[in-house]
1. Compute the acute angle (0 to 90°) between the alpha-carbon long axis of helix 160-172 and the principal axis of greatest extent of the alpha-carbon atoms of the chain; round to the nearest 10°.
2. Only Lys, Arg, Asp and Glu count, each charged at its Cβ (+1, +1, -1, -1), so figure out the dipole size of the chain about its Cα centre, rounded to 20 debye.
3. For the chain, with all protein chains present and a 1.4 Å probe, just round the carbon and sulfur fraction of the accessible area to a whole percent.
4. Report, ordered by chain and residue number, the lysines lying within cross-link reach of residue 146, taken as a straight Cα distance under 16 Å and ignoring same-chain residues fewer than 8 apart.
5. Enter the Cα centre distance for the pair the stretch 183-208 and the stretch 238-288, rounded to the nearest angstrom.
6. Compute the angle between helix 264-274 and the longest alpha-carbon principal axis of the chain, please, reported from 0 to 90 degrees and rounded to the nearest 10.
7. Taking Cα atoms, how many degrees apart are the long axis of helix 304-313 and the longest axis of the chain, rounded to 10 and kept between 0 and 90?
8. Could you tell me whether the stretch 142-184 comes out rounded, prolate or oblate from its Cα gyration tensor? Rule is a ≥ b ≥ c as square roots of the eigenvalues, rounded for a/c under 1.5, then prolate if a/b exceeds b/c, otherwise oblate.
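The values are calculated or read from the model by the stated rules, or taken from the named source; none is laboratory data. Since this is a predicted model, take the numbers as computed values, not measurements. For neighbour counting, all protein chains shown are included, and Cβ atoms are generated from backbone atoms with ideal geometry for every residue, glycine included. Remember, those area values only see protein heavy atoms, side chains included, never the ligands or the DNA or RNA. Shrake-Rupley method; radii C 1.70, N 1.55, O 1.52, S 1.80 Å.
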Amino acid sequence: MEKREIGKSGIKIKPFALGTNVFGWTIDEPASFKILDAYVDMGLDFIDTADVYSKWVPGNKGGESETIIGNWLKKSGKRNKVIIATKVGKPMGEGMKGLSKAYINKAVEASLKRLQTDHIDLYQSHDDDKATPLLETMETYTKLIKEGKVKALGASNYGGDRLKEAIMISKENNLAAYQCLQPEYNLYEREQYETELEPVCRENNIGVINYYPLASGFLTGKYRAESDLSKSPRGQGVKKYFNDHGFKILAALDSVAAEYKTTPAAIALAWVIARPGITAPIASATTVQQLREITASVDLHLKSDAIDLLTKASSYS
């Protein structure tokens, strides 16, 4: 199984990222441990979380996912087998958000404590903070790298112009730079990434670790009618894909999945993995069986005719 470098960070990962926003939300700690153990046993190594996961759940305060991962790291002793990525910047409470020096320094210590580790492999800006100068943010991150608390930097939800500006500021001031971008990207949502973000990433050798590669579960094929939306707590987020464009993509996925004797989800992920410039798609699972189905994508090598069929069916132009 090939490894791909995250930008120019020197960190190489298998081309799959385990999303853990479901930890402490739709699955509890014991179920999360089973997912993490199975994931590492499969030979995969990249785990993506954020300090804010899963604050949106009634009774949660944020940090639940990091806490579960930290407990697993302590119990399993597998810290040296995984690359841990987390994020900072989303609102965590009164006065706790953004990318200022003071807040990043406070937030990184909280994440390290919850993760029960002495370093974060990939620390990512979860949102662009236009109220804080980019120079202040990148200087703060650079200091964290020098202190050994962080190994590499990434950005999420940045526009193309702001990403370019951040890269330029790091270069001009001899500071650590963003090595990857975490945008939304899948067979259904292609236009913004391909027109605005992909050129910046390709030009600057920025890795891409995309979220929602399965379009909130729509591309798994399990949501095909209104009656299917109750199958999951996330089901209502899928309704927007119920249109001619969406169903055309599902038909193409069904066709390729039948040819390769696998699931539409594995095919949708394999298409993303095959795209130039993609480092790894982020996908989550709530059962080990579901995990096996989606990680099958890593070993799928789609032929050009299958890739072309999917690309044409999902065309936005």
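1. That works out to roughly 40 degrees.
2. 680 debye
3. 49 percent
4. Partners found: 101.
5. Spelled out, the Cα-based centre of one part sits 17 Å from the other.
6. Once rounded, one gets 50 degrees.
7. Rounded to the nearest ten degrees, it is 90.
8. Here the stretch 142-184 falls in the oblate category.
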